[in-house]
Ligand code: GAP
């Protein structure tokens with residue numbers, strides 16, 4: 001096993017063991033491409049989402065947040081082109097009947113499952129949308145889909161936002177939420193899932209100024225990867241060629257990250273032109289024009305779309321945080337998570353469990369910190385060394401220990417995760 005595969009396996013195993021991420025429906029043998037988040041995983045995920053919302057919605061005055069329904073009128077997906085073109089090429093092995101994504105095969109003539117050669121027929125286009133029926137009648141008119149991107153819930157609300165808020169151009173709508181894709185081959189932990197989350201922005205611009213806005217968002221994407229604590233030299237821009245671009249895009253930059261599984265897409269930045277709003281105008285018969293205030297100049301705005309995947313951000317954060325070192329000759333594993341993302345910020349312990357006065361004092365410190373920060377854990381299991389190792393493994397930046405000296409001078413020991421250094425600090429200053 002090479003180092004990268006080993007690192008990936010260590011992360012997956014840590015994520016399961018320590019309550020970050022479990023295989024979905026594990027108890028029944030699992031459901032491929034689905035993942036459940038445990039207490040630490042859900043907090044880490046929420047911290048990422050909240051950071052995104054703060055940077056791109058709350059800190060700006062040109063952004064409007066929305067939260068659209070996942071189930072939408074089937075016309076949305078007909079107009080957007082997803083019913084006809086949201087497909088991946090599928091081949092089936094005539095020997096073992098494995099169904100595989102044709103464009104991801106290492107050798108297009110050899111089945112990677114059974115090893116037979118020449119067993120694939122023609123690839124057929126497989127639509128990745130999950131189809132369902134809404135209501136008790138199971139016919140063509142009741143068909144709906146689980147949304148494969150959050151973007152369409154934004155486009156369908158563009159007119160509502162125009163009418164309620166009269167925004168100046170350029171302005172954007174932002175949405176975070178679940179998306180579903182019936183991926184042919186879900187793989188690599190949460191990297192390619194069938195149920196995942198996106199954080200998307202549709203930024204409406206004057207068609208003559210799209211390049212300016214594209215550049216603005218390109219810089220903002222770098223701001224985002226830095227806010228996640230990802231090293232710049234692990235993030236790469238890939239100018240996507242015309243033949244590889246999505247059907248709606250005139251320019252796309254994929255931002256890739258050096259994951260342990262290799263360099264892969266972290267997020268995308270696309271120039272979607274007026275493709276979506278024109279389609280809505282045509283199919284829904286509603287005018288999508290924007291009139292520049294104080295003039296008669298009107299047009300259907302063009303769109304710049306930065307599209308962020310939550311799971312990929314989380315996987316990038318986990319893989320750049322995962323660190324192994326040696327402390328006093330002993331191997332240590334820790335997550336060097338940025339403090340603002342760590343699911344637990346402080347762990348509080350009494351030095352020993354069998355001294356009621358220490359436990360009582362530690363409880364007071366714990367409760368005060370918990371009230372202030374929320375993300376604080378009580379940890380009195382095992383000896384202090386074991387507690388440190390356990391907290392290191394989940395990325396807790398600080399362990400606060402109440403000891404006998406605390407009872408005398410109201411100071412505690414703060415042990416720092418990255419350096420393992422211990423400092424003495426007055427309780428009031430923690
Ligand atoms: N609205 C544009 C759009 O959906 P995309 O490149 O298909 O574009 C955007 O998806 C982002 O969503 C990707 O860069 C990735 O971060 C995330 N993503 C897409 N498919 C995914 C999957 N199957 N599992 C996890 N994340 C996925």
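Condition first: within 30 Å of residue 236 (Cβ to Cβ) and touching a strand residue (DSSP E or B) at 6+ places or on another chain (Cβ under 6 Å). Now tell me which residues in the range 265-293 satisfy that.
Of everything in the range 265-293, those that are within 30 Å of residue 236 (Cβ to Cβ) and touching a strand residue (DSSP E or B) at 6+ places or on another chain (Cβ under 6 Å) turn out to be 265, 266, 267, 268, 269, 270, 271, 272, 273, 274.
Within the range 1-82, considering only helices (runs of 4 or more DSSP H) that don't extend past its boundaries, which have at least 1 residues that are under 21 Å from the mean Cα position of the chain (by Cα)?
Ranges flagged: 3-17, 39-53.
Where in the range 267-364 are the strands (runs of 3 or more DSSP E), entirely inside, with at least 2 residues that are within 14 Å of the ligand (Cβ to nearest atom) and surrounded by fewer than 15 Cβ atoms within 10 Å (Cβ to Cβ)?
none
Could you please let me know if residue 174 is touching a strand residue (DSSP E or B) at 6+ places or on another chain (Cβ under 9 Å), in the same structural domain as residue 64 (by TED's automatic domain parsing) and within 12 Å of the ligand (Cβ to nearest atom)?
Criteria not met by residue 174.
Take the residues in the range 255-266 that are under 18 Å from residue 219 (Cα atoms) and surrounded by fewer than 21 Cβ atoms within 10 Å (Cβ to Cβ), then tell me which one is farthest from the ligand (Cβ to nearest atom).
256
Of these, 291, 252, 273, which one is assigned by TED's automatic domain parsing to the domain that holds residue 193 and on the phi > 0 side of the Ramachandran plot?
273
What's the total number of residues in the range 180-204 that are part of a strand (DSSP E or B), touching a residue at least 24 places away in the same chain (Cβ under 8 Å) and more than 7 Å from the ligand (Cβ to nearest atom)?
8
Mind listing just one residue for me: the one in the range 129-158 that is touching a helix residue (DSSP H, G or I) at 6+ places or on another chain (Cβ under 9 Å) and part of a loop (DSSP other than H, G, I, E, B) and, of those, nearest to residue 282 (Cα to Cα)?
Top of the filtered list is 156.
Hey, can you tell me all the residues within the range 114-128 that are in contact (Cβ under 8 Å) with a residue 24 or more places away in the chain and assigned to a strand (DSSP E or B)?
Matches in the range 114-128: 120, 124, 125, 126, 127.
Starting from the range 133-144, keep only residues that are in the same structural domain as residue 76 (by TED's automatic domain parsing), then list their pairs with residues that are exposed (fewer than 10 other Cβ atoms within 10 Å of the Cβ) whose Cβ atoms are within a distance under 9 Å, requiring at least 6 positions of separation or different chains.
none
Restricting to the range 11-28, count the residues that are farther than 19 Å from residue 343 by Cα and either touching a strand residue (DSSP E or B) at 6+ places or on another chain (Cβ under 9 Å) or within 16 Å of the ligand (Cβ to nearest atom) (or both).
Total meeting the criteria: 4.
For the range 83-120, how many residues are over 29 Å from the mean Cα position of the chain (by Cα) and surrounded by 12 or more Cβ atoms within 10 Å (Cβ to Cβ)?
Within the range 83-120, residues that are over 29 Å from the mean Cα position of the chain (by Cα) and surrounded by 12 or more Cβ atoms within 10 Å (Cβ to Cβ) number 15.
The values are calculated or read from the model by the stated rules, or taken from the named source; none is laboratory data. Worth saying up front: this structure is predicted, and the values here are computed from it rather than measured. Counting neighbours? That spans all protein chains shown, and the Cβs are built from the backbone with ideal geometry, glycine included.
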